[in-house]
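Asks: Take a look at the following structure, please.
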Amino acid sequence: MPVDDPPPPELFVARDRARRFARRLRDALSERRLSYRGDKVGMETLVDHADENLVNVLEDIAQTVADVEARRIRDRERGYMEVPLLVAADGIALRLETARRIERARGLHEAPDAEAQAAVLELMEDALARIDRYCAAYDEKQPVGPARPVALDRVLRRLEQAHGIAHPAGGAGADAAAYDREPPPVASDAAVLDDLLRAARAAVPDAKGPWQVVPATPERPLALALGKASAQAELLESPDALHRAATVLQALHPVTVRCLGRRAPPPADAGLLSEAEAPAPDVVERIELELADAAAQGLDAVVRAAAGAEAKLTADAEKAVRALVEAPPVPAEGLPPPARMVALLGLVRAVDAEVVRTLLPRASTAACRVAASQVPREKTRKAPVKRDLLLVLENEFADFPAHRVDDVAQAAADGKLSAKHMRPMDAAALLAVLGRTWRYAGQHIRRALDLEPLTDADIEELIGALAELAVVRRALEGGQAVEPAGIATLERAGVAILGRLGRLA
């Protein structure tokens, strides 16, 4: 697959970019406070630059998100903190856009003055606090977590109160009920969970509350839903901001997102003297979320939350996952009990066996050998895989084992793949390069492995889970101390792998 060398990405530090957002936002907040004080004392000639500053912040955020997504820029120190930066940036932008909308409603006398001012300042201050949380996470090298109790009821009340002020025409109002029954606290990352819920709310801006809450049971995780789907509604892809937030939070605990609505009609063909219309976005009518606590759920709920609604387990995999669900929980501090470690070992062994069973024969075909021989390589004597290609993969998947791509691709090209090449990190490398349709240097690279019925989205989730499991497993096998959050990550990743590979006959 001959390709041209892509231009090298510009290097930046994600934390420094977040701090730049903060500097501009502080200027906007100072201007907004000054403007409100001027209103109170009748200083009508006071020039208000706050909205202009907010627009600058939002443009900076939008450009940063676009550059990171297009891989025009890349963090030079911690590539795994780029997607968390996008999640934080999405959440900050949603707060600021809501604040601007409330300010416009206040200016049109559609919202009570005092209530609107308080909401605007709270949203801007909360956006600054979100930047601070991201910078602290960057310094701690921790993309998400640790999991701590989050008052979900308070998060939903604040979210719906601001939404009600910003959308007065919706009829709900700031005093409307935020939920139909009080949700329990959840163990999660408060900042990323807030970003997830804001992105969900933004996807259905016209939907009237309250949020529908279905408490967890041993067979089903906690469920939240907002909006009403029409009879013609179908399953849609999640908006980018919602998908990113769910992906980051998945590293801490299982999250399931379903978007229901109407697909946009195809754009009309361009005429001889007219340009083609831009495609219209799909219309999301209903959002459904599941937030699972693997330690408190039954087998079916755990597997569905970790690996999707279509998850399936083989007999041996089900035995391993059931033993994990029934084992004593991991304590908040200290070592896991021996029974938990035995169940964890069984889970890892089940993953090893399932990877060999499903992937080794599929990667030993002639089509796979041909595709592997065409992986772009440097024009040097030893001809390793192009470094730019590895950078793309490292940027796309946290903890991606880029160092294994060369060996795995060469073994596949030579027809010498064996069980020793099917370790989780090797499987992640194999799937990332040959197991999906993706883009590199402006060209489509077609899937070479027959992995039906798994979609490319399933494969990407599988790659991420394999990489996560490999990192924690390596630390455990190296005798390093692993925090409870790391154990939870390994367990969730293991269940996600088994649930998806089990769908391969």
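The values are calculated or read from the model by the stated rules, or taken from the named source; none is laboratory data. The shown structure was predicted, so the numbers you read here are calculated from the model rather than taken from an experiment. Virtual Cβ from ideal backbone geometry, glycine too; neighbours counted across all protein chains shown. Accessible surface areas use protein heavy atoms only, side chains included; no ligands, DNA or RNA. Shrake-Rupley method; radii C 1.70, N 1.55, O 1.52, S 1.80 Å.
Asks: With (1) within 21 Å of residue 300 (Cβ to Cβ); (2) in contact with a Pro (Cβ under 8 Å, 6 or more places away or on another chain); (3) acidic (Asp, Glu) as the list, and residue 426 as the residue in question, which single condition is left unmet?
Replies: (1)
Asks: Looking at the range 387-431, which of its residues are under 17 Å from residue 369 (Cα atoms), in contact with a strand residue (DSSP E or B) (Cβ under 8 Å, 6 or more places away or on another chain) and not acidic (Asp, Glu)?
Replies: Answer for the range 387-431, where residues must be under 17 Å from residue 369 (Cα atoms), in contact with a strand residue (DSSP E or B) (Cβ under 8 Å, 6 or more places away or on another chain) and not acidic (Asp, Glu): 405, 409.
Asks: Of everything in the range 67-107 that's aliphatic (A, V, I, L, M) and in contact with a strand residue (DSSP E or B) (Cβ under 9 Å, 6 or more places away or on another chain), which residue is surrounded by the most Cβ atoms within 10 Å (Cβ to Cβ)?
Replies: As a first pass, look at the range 67-107 and keep what is aliphatic (A, V, I, L, M): 68, 70, 73, 81, 83, 85-89, 92-94, 96, 99, 102, 105.
Of the ones still in play, those that are also in contact with a strand residue (DSSP E or B) (Cβ under 9 Å, 6 or more places away or on another chain) are 68, 73, 81, 85.
Working: 68: 22, 73: 20, 81: 21, 85: 25.
Ranking the candidates gives 85 first.
Asks: Between residues in the range 9-24 that are within 20 Å of residue 93 (Cα to Cα) and part of a helix (DSSP H, G or I) and residues that are of a type in the set (D, E, K, R) and open to solvent by 40 Å² or more (accessible area, probe 1.4 Å), which pairs lie under 6 Å by C-beta distance while being six or more apart or on different chains?
Replies: Listed by first residue and then by second, the contacts come to nothing, as the list is empty.
Asks: Shifting gears a bit: Determine the pairs where a residue that is over 14 Å from residue 95 (Cβ atoms), located within the range 112-133, has a partner that is among the hydroxyl-bearing types (Ser, Thr, Tyr) with Cβ atoms under 6 Å apart, the partner being 6 or more residues away or on another chain.
Replies: Within 6 Å, the pairs are 117/36.
Residue by residue, here is whether (1) of a type in the set (A, V, I, L, M); (2) modelled with pLDDT under 90; (3) part of a loop (DSSP other than H, G, I, E, B); (4) out of contact with any helix residue (DSSP H, G or I) (no Cβ under 6 Å at 6 or more places or on another chain) holds:
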site	(1), (2), (3), (4)
45	no, yes, yes, yes
51	no, yes, no, yes
57	yes, no, no, no
61	yes, no, no, no
68	yes, no, no, no
82	no, no, no, no
87	yes, no, no, no
97	no, no, no, yes
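Asks: Among 207, 172, which is surrounded by 14 or more Cβ atoms within 10 Å (Cβ to Cβ), part of a loop (DSSP other than H, G, I, E, B) and at pLDDT 90 or above? Working first, answer last.
Replies: Numbers: 172 fails: at pLDDT 90 or above.
When all the criteria are applied, what remains is 207.
Asks: Still on this structure, please answer the following. For the range 404-415, what are the residues that are open to solvent by 20 Å² or more (accessible area, probe 1.4 Å) and under 27 Å from the mean Cα position of the chain (by Cα)? So that I can check it myself, show each step before the final result.
Replies: So in the range 404-415, the residues open to solvent by 20 Å² or more (accessible area, probe 1.4 Å) come out as 404, 406-407, 410, 413-415.
404 - this is the single residue of the range 404-415 that is open to solvent by 20 Å² or more (accessible area, probe 1.4 Å) and under 27 Å from the mean Cα position of the chain (by Cα).
Asks: Please determine whether any residue of the range 384-403 is part of a helix (DSSP H, G or I), more than 30 Å from the chain's Cα centre (by Cα) and free of Cβ contacts under 8 Å to residues at least 40 places away in the same chain. Give the derivation first.
Replies: Looking only at the range 384-403, we keep the residues that are part of a helix (DSSP H, G or I), and these are 387-396, 402-403.
Filter once more, keeping what is more than 30 Å from the chain's Cα centre (by Cα): none.
No, the conditions are met nowhere in the range 384-403.
Asks: Just need a number here: residues in the range 220-231 that are open to solvent by 60 Å² or more (accessible area, probe 1.4 Å) and either under 25 Å from the mean Cα position of the chain (by Cα) or at pLDDT 95 or above (or both).
Replies: Taking the range 220-231 first, the residues open to solvent by 60 Å² or more (accessible area, probe 1.4 Å) are 220, 228, 231.
If we keep only those that are either under 25 Å from the mean Cα position of the chain (by Cα) or at pLDDT 95 or above (or both) as well, we get 220, 228.
Qualifying residue count, the range 220-231: 2.
Asks: Related question: Which of the residues spanning the range 363-383 are part of a helix (DSSP H, G or I), closer than 27 Å to residue 505 by Cβ and either of a type outside the set (D, E, K, R) or open to solvent by less than 50 Å² (accessible area, probe 1.4 Å) (or both)?
Replies: So in the range 363-383, the residues part of a helix (DSSP H, G or I) come out as 366-373.
Checking the rest, the ones that are also closer than 27 Å to residue 505 by Cβ come to 366-372.
Of everything in the range 363-383, those that are part of a helix (DSSP H, G or I), closer than 27 Å to residue 505 by Cβ and either of a type outside the set (D, E, K, R) or open to solvent by less than 50 Å² (accessible area, probe 1.4 Å) (or both) turn out to be 366, 367, 368, 370, 371, 372.
Asks: If residue 145 satisfies every condition in (1) in a helix (DSSP H, G or I); (2) buried (at least 20 other Cβ atoms within 10 Å of the Cβ) but one, which is the exception?
Replies: Among (1) in a helix (DSSP H, G or I); (2) buried (at least 20 other Cβ atoms within 10 Å of the Cβ), residue 145 violates only (1).
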